[in-house]
Amino acid sequence: MAGQTQAAAPHVSTAQDAPQEENACHPHDSHLPHGLPLPDKAEGVDVEGNPRSQCPSECTQPVLPIHGPPGQSSPRPGGARATLLSAFGAHATPRPFVLFGPAHLGAMALTVLTAVGLVWLVRRHPRTAMGVRFGLAGLLLALTVATVVRERLAGRPWSDLAPLHLCDMAIFVGLFSLLTLSPLACEVLYFWAGAGTFLAIITPDMPVGFPDPHFLSYFALHGAVVVTAVLLVWGLDRPPRPGAVWRVFLLTNAYAALVGGVNLVFGTNFLYLCARPAAPTPLDWFGPWPVYILVTEGVALGLFTLLSLPFRRAGRSS
């Protein structure tokens, strides 16, 4: 009878048993009764109501972060969601991002080479233009969907995934430009990609390095937007028209005003109108809030003007 009672008692794993528990949902599940799932509604406590951070002193297993806001970590889910997260690489131990390190330089070089290669292709072989346009549009859409799915599986709220940052909105402007070749859309994309997205590739707000999925999706999407802008302007002959600088500048400010209203209502920080990014960016050089916003206005207008110079000279030459 004593043996039966002992057999019926729940087995409590120890830290030494943890490496053998291949199906544990979380590195610190070894401190929970075997077979009990982690509670979904109280992520910060165990089944007895104790904070998960208060693990036995002999515990040496780290909590692996799920990609979301830097500095936050979450327990690993189980079941199908864990399988999907593993497929997206969300549980790999992230490497820190190194500005102008080999992976960063490689991503920038790949973006430039792809843009130059596609421009050469469509100019040398005009019949490929339609296929390149729709293929690039499909790539933008697929990358966007994959990024949203991965971030949602990692626990990011919908409010953080709204495509209101300039680089995010440039994706949809790029899709519309590729499908319609609208002159206005091509102008907006050219200036946004040149003055915004390309700078975001050079000085990214990126906490993790290669081969983390966040790194891959960030540079793939930003790079695809830049490639799209270059292709439309130099490969498909959709350059900015006269007056494009002020036209796009005013549209950008109108868009920023709308996004500012969203930030005010929902407490968000889209376009970094309320605070600068956590990672080092050129905005750090522009002073405190709201000075950096005013400086950014002047810098944007200057960059728009510089980006328009090749076409002004071409117009005078013709």
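All of the numbers you see were taken from the coordinates with simple rules; none came from a lab. Treat the numbers as computed from the prediction; the structure is a model and nothing was measured. FYI the Cβ positions are ideal-geometry reconstructions off the backbone, even for glycines, and counts take in every protein chain you see.
At a glance:
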quantity	calculated
When the convex hull of its Cα atoms is projected in every direction, mean area for the range 102-311 (nm²)	11.7
Extension gain, Leu181 back to Ala162 (0.36 nm per residue minus Cα-Cα distance, nm)	4.3 nm
Virtual spin-label span in nm between Leu110 and Leu139, 7 Å along Cα→Cβ	1.0
Scaled radius of gyration (Cα, divided by 2.2 N^0.38 Å) that the range 231-282 gives	1.58
Square roots of 5 times each gyration tensor eigenvalue, C-alpha, the range 223-316, largest first, Å	29, 15, 14
Percentage of interatomic Cα-Cα distances in the range 192-255 larger than 14 Å	66
Radius, Kirkwood style, for the range 178-289 when every pair of distinct Cα atoms is counted (Å)	15.8
Net charge dipole size for the range 102-311 [Lys, Arg +1 and Asp, Glu -1 on Cβ; Debye, nearest 20]	600
Separation of the Phe172 and Val265 label points, Cα + 7 Å toward Cβ, nm	1.4
Fully extended contour minus Cα-Cα distance, from Arg124 to Val291, at 0.36 nm per residue	55.4 nm
Pairwise FRET efficiency - Val149 versus Tyr255, Cβ, R0 = 35 Å, nearest 0.05	0.85
Cα pair distances exceeding 12 angstrom across the range 173-224, given as percent	66
Sequence-separation-based contact order of the range 102-311, relative, with Cα cut under 8 Å and 6+ spacing, percent	25
